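Engineer: Dumping the structure here so I can ask a few things about it.
Just so it is clear, none of the values below were taken in a lab; they were calculated from the coordinates. Nothing here was measured: the structure is a model prediction, and the numbers come from that model. Cβ: placed from backbone, ideal geometry, glycine included. Neighbour counts: every protein chain shown.
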Amino acid sequence: MALTFISKILFILAFLACIAKVQSQLFDITKYGAKPNADISEALSNAWKEACGSTTPSTVVIPKGIWQLTQVKLVGPNKSPIELQVQGDLKAPSDPNQMPNKQGEWVTINYVDYLTVSGGGVFDGQGQEAWKRNDCGKNQKCVKLPLNLSFNFITNSIIRDVTTKDSKNFHVNVIGSQNVTFLRFTISAPGESPNTDGIHIARSKLINVKDSTIKTGDDCVSIGDGTEEVHVENVVCGPGHGVSVGSLGKSETEKDVVGIYVKNCTFLSTMNGVRIKTWPSAPARLQVTNLQFEDLIMDNVTYPIVIDQEYCPYNQCKLDTPSLVKISNVKLNNIRGTSNDPVAVTLVCSGTKPCENVEIGDIDLKYDGKLGPITTKCNNIKPKLTGKQNPPLCAAPAQSA
């Protein structure tokens, strides 16, 4: 499966490189009435519509400068490859009430094949004021704040060399998409910004996040249900909550997660490193299988490795009924660095559906705190151990150095 994924990604990159050599038809938003420090939503929409109708490759250009963008939905289908080249800084309204759909998304791109987003520019969500209104930790009926970028039903596409900054909610959604690569992609938000997940992927297949930097207040990459073949490679994560598979299992309509690969990544002062989380007391009976976490550096990470099948934030569920999500075929290898908590590894699986075929290779985690010796926590799991593990896994606590 991994070779198939890589070959498809290489094909897409090669195809897009060939397209770049062909002279694209340019659609500059200034030709459609866009002016600096004024709302460019209408001009961008009109330029996009004409570009989608082009039978030759087209490029919609947002030139260098500062541009105000209230909200926009860019929809296909397109007749030929299309590029959104963002050279400047796009500014969202700081007040979400100024957006026509204040609970939706700021920039939405739907139903496009062979899309490129590039240009070195910035999508600035200006989320500072909106974060103050976020009470979702206490209120399950909280008002949903708009996210920066939403890619829905996108195929054979690449998002590269752009930045999303200070989103009011998630930075990026990828839903119902296939063969999409994020390359040299930057996400930036303070560590205390609530619910600002970096890239959330669900119901999608063949998604690649590579050579990127993600600094945010929640998961750097979060993977939802119905997702297959996700590769996260050469990513620096932090601040944030790490790379999370889930949470899963809360809804009975959820679908399996298959094939998640996280490799050659660095986690800097994050809450978690790599994590799988599922809900107890929930109806879903899905499979989570074929996951590999390899060659990872943990630098002052609170919880470097976590399998948590008792995930129940803000006491929104009960722990008396085990999770019905089955986790299997998980590989953890060559994970090293420092933990900010004495429990460096947590492997808490379901009592009804114990984890199966979990293989753990070389682990070397150190703890320099004063709360006790470094240790691990294991329930309903019998991992296959190879190489060396520090701390000893699923065993008595290690002695302090």
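Engineer: So if each residue of separation counts as 0.36 nm, and I subtract the Cα-Cα distance between residue 368 and residue 129, what length gain in nm does that give? Please list the in-between numbers first.
Structural biologist: On the way: separation 239, 0.36 × 239 = 86.04 nm, distance 3.73 nm.
Fully extending the segment from residue 368 to residue 129 adds 82.3 nm.
Engineer: List every residue whose amide H lies under 5 Å from the amide H of residue 378, counting only residues 5 or more places away in sequence or on a different chain, with H placed 1.01 Å from N in the peptide plane.
Structural biologist: For residue 378, the qualifying residues are 347.
Engineer: In addition: What does the charge count near residue 336 come to, summing +1 for each Lys or Arg and -1 for each Asp or Glu among other residues with Cβ under 13 Å from its Cβ?
Structural biologist: Values: positive: 366, 388; negative: 294, 295, 299, 362, 364.
Charge balance near residue 336 sits at -3.
Engineer: Take the alpha-carbon centre of the stretch 151-179, take the same for the stretch 332-400, and report the distance between them in whole Å.
Structural biologist: 34 Å
Engineer: Order of 166-172, 68-74 by packing, highest average Cβ count within 10 Å first?
Structural biologist: In decreasing order of mean packing, 166-172, 68-74 become 166-172, 68-74.
Engineer: Right, something else. Relative to the present Cα-Cα distance, how much length would full extension add between residue 136 and residue 357 at 0.36 nm per residue of separation? If you can, show how the numbers build up before the last one.
Structural biologist: Numbers: separation 221, 0.36 × 221 = 79.56 nm, distance 3.63 nm.
That works out to 75.9 nm of additional length.
Engineer: What does the extension gain come out to for residue 56 and residue 233, with contour length at 0.36 nm per residue minus their alpha carbon separation?
Structural biologist: Length gained between residue 56 and residue 233: 60.4 nm.
Engineer: Between rounded, prolate and oblate, where does the stretch 158-255 land on the alpha carbon gyration tensor, with a ≥ b ≥ c its root eigenvalues, rounded for a/c under 1.5, else prolate if a/b exceeds b/c? All intermediate terms of the calculation are to be shown ahead of the outcome.
Structural biologist: Numbers: a/c = 1.91, a/b = 1.22, b/c = 1.57.
Cα axes put the stretch 158-255 in the oblate bin.
Engineer: May I pose another question? Among the lysines, which fall within straight-line cross-link reach of residue 382, defined as a Cα-Cα distance under 24 Å, with same-chain neighbours fewer than 8 residues apart omitted?
Structural biologist: Partners found: 263, 277, 326, 331, 353, 366.
Engineer: In percent, how large is the relative contact order of the chain, given Cα pairs closer than 8 Å and 6 or more residues apart? Write out the running numbers ahead of the final one.
Structural biologist: On the way: 1270 pairs, mean separation 31.4, N = 401.
Once normalised by length, the contact order is 8 percent.
Engineer: Cut-off 19 Å, label point 7 angstrom out along Cα-to-Cβ of residue 38: give me the residues of the stretch 48-73 whose amide nitrogen falls inside.
Structural biologist: Correct set: 48, 61-72.
Engineer: If you average the C-alpha positions of the stretch 49-72 and of the stretch 111-139 separately, how far apart do those two centres end up, in angstrom?
Structural biologist: 18 Å
Engineer: For the stretch 170-319, with only Lys/Arg (+1) and Asp/Glu (-1) charged at the beta-carbon, what is the dipole magnitude about the Cα centre, in debye rounded to 20?
Structural biologist: Working: 12 positive and 17 negative charges, 40 e Å.
In total the dipole reaches around 200 debye.
Engineer: May I pose another question? Which value in nm describes the separation of the simple spin-label points at residue 144 and residue 66, placed 7 Å from the Cα toward the beta carbon?
Structural biologist: 3.2 nm
Engineer: Would you kindly derive the ³J(HN,Hα) couplings of the stretch 32-46 from the backbone phi angles with the Karplus curve 6.51 cos²θ - 1.76 cosθ + 1.60 (θ = phi - 60°), listing them in order in whole Hz, with x for Gly and Pro?
Structural biologist: Result, rounded to whole Hz: 10, x, 5, 10, x, 6, 9, 5, 9, 4, 5, 4, 5, 4, 5.
Engineer: What does the charge dipole of the stretch 24-183 about its Cα centre add up to, to the nearest 20 debye, if the Cβ of each Lys and Arg holds +1 and the Cβ of each Asp and Glu holds -1?
Structural biologist: Numbers: 16 positive and 14 negative charges, 77 e Å.
Roughly 360 debye, rounded to the nearest 20.
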